[in-house]
Every structure is written in C-alpha cells, then in structure tokens.
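J.: Here it is, the structure, as structure tokens.
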Amino acid sequence: MSAWVTLDALPGNYASALSQDGRRVENPFYLQYGQGAFAFSLPGGNRARLPITPQLGRWYHLVGVHDGAGNTIQLYVDGVLAASVPSGPADVSTGPLAIGRARYNGQNTDFWNGSVDQVHAYDRALTAAEVSALHTAETPA
C-alpha cells in the first residue's frame, strides 16, 4: 500500500489513511498515524512504527509492505525504510479498500484529518528499490 498524506491535526489516538474492511473485529491492515508514530499495522498489535511528530500540512509518502515470504511488515516514509517487524499471522479479507478511515468491530472509526492522495495497492511485496523509485517518481497534488 502506498499513499501521499498530510495531517491537518494530530489525532487523539489513531487516524488511518488507508485500511481494508475486514470480516473480523480488526481490519487486515492499517496505514496510519497514532500515539506519536506513523505505522503500518496488522491485527493483534503488530506495528512497524516510526516515532515522529509530523509537520502539519506537509506531504509524507507512506508505504506499507507485508512480506509474507519473509514474515515481516515494513513501513517506508519518504522512500526510506523506517521500520521492519515480524508480521504474525495474516488476516485475509475480501472487503473494500477504505481511504481516510478504519473499521473496528463493524464501525467506521479512526478518521484521517488531512489529505490522502495517489493511493496505490499492490498484489505483492515491493522491494526497497521499488519503494524508492515510487517516491521519486510521484509528487503530491
């Protein structure tokens, strides 16, 4: 998953730029900001996090990579690997992609207060070189 994002205000808890509606209580993934960090998160609290207080109104390029073969999740910020952690079990879903919110326990939540642009979803894990190239090839609107 990749997107260019800005925040107009910091959330009280979490705000999700991208997620996918799940069939269970939690979504299969979240690309988000919360509790003082950008994060790519999977169910069960597995989070690749970059602690940061983002500059409001500034564009950031976020990419979340789930590498099933390597059993890791990775967060890239502005084309650079920011965090990599074990992924834990995968939660596959056929739910729709959600931009600007998450869904938890059947309710829409964690609304993004800012802009989300140039969203891309991939059916494979991107390499570090591909993420870097994606970052330099795109610019936010």
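The values are calculated or read from the model by the stated rules, or taken from the named source; none is laboratory data. Note that this is a predicted model, so its numbers are computed, not measured. For neighbour counting, all protein chains shown are included, and Cβ atoms are generated from backbone atoms with ideal geometry for every residue, glycine included.
J.: Do we find a residue being among the hydroxyl-bearing types (Ser, Thr, Tyr), within 26 Å of LEU10 (Cβ to Cβ) and surrounded by 13 or more Cβ atoms within 10 Å (Cβ to Cβ) anywhere in the stretch 73-87?
T.: yes
J.: Which residue pairs have Cβ atoms closer than 9 Å, lie 6 or more positions apart in sequence or on different chains, and pair a first residue in the stretch 1-23 that is part of a strand (DSSP E or B) with a second residue that is surrounded by fewer than 20 Cβ atoms within 10 Å (Cβ to Cβ) and acidic (Asp, Glu)?
T.: SER2/GLU138; ALA3/ASP117; TRP4/ASP117; TRP4/GLU138; VAL5/ASP117; THR6/ASP117
J.: Among the residues of the stretch 1-33, what is the count of those that are at pLDDT 95 or above and small (Gly, Ala, Ser)?
T.: Matching residues across the stretch 1-33 total 6.
J.: Name the residue that is farthest from ARG49 (Cα to Cα), counting only residues in the stretch 97-113 that are in a loop (DSSP other than H, G, I, E, B) and modelled with pLDDT under 90.
T.: GLY106
J.: May I pose another question? Using beta carbons and a limit of 7 Å, which pairs, at least six apart or on different chains, have the first residue in the stretch 77-88 and at positive phi and the second one among the aliphatic types (A, V, I, L, M)?
T.: Correct list of pairs: GLY79/VAL131; GLY88/LEU42.
J.: Still on this model: Here is a list: PRO51, PRO86. Which entry is of a type outside the set (Gly, Ala, Ser) and modelled with pLDDT under 95?
T.: PRO86
J.: If I filter the stretch 5-36 down to residues being among the aliphatic types (A, V, I, L, M) and either surrounded by 19 or more Cβ atoms within 10 Å (Cβ to Cβ) or under 14 Å from ARG101 (Cα atoms) (or both), which single residue comes out as farthest from the chain's Cα centre (by Cα)?
T.: In this case the residue turns out to be LEU7.
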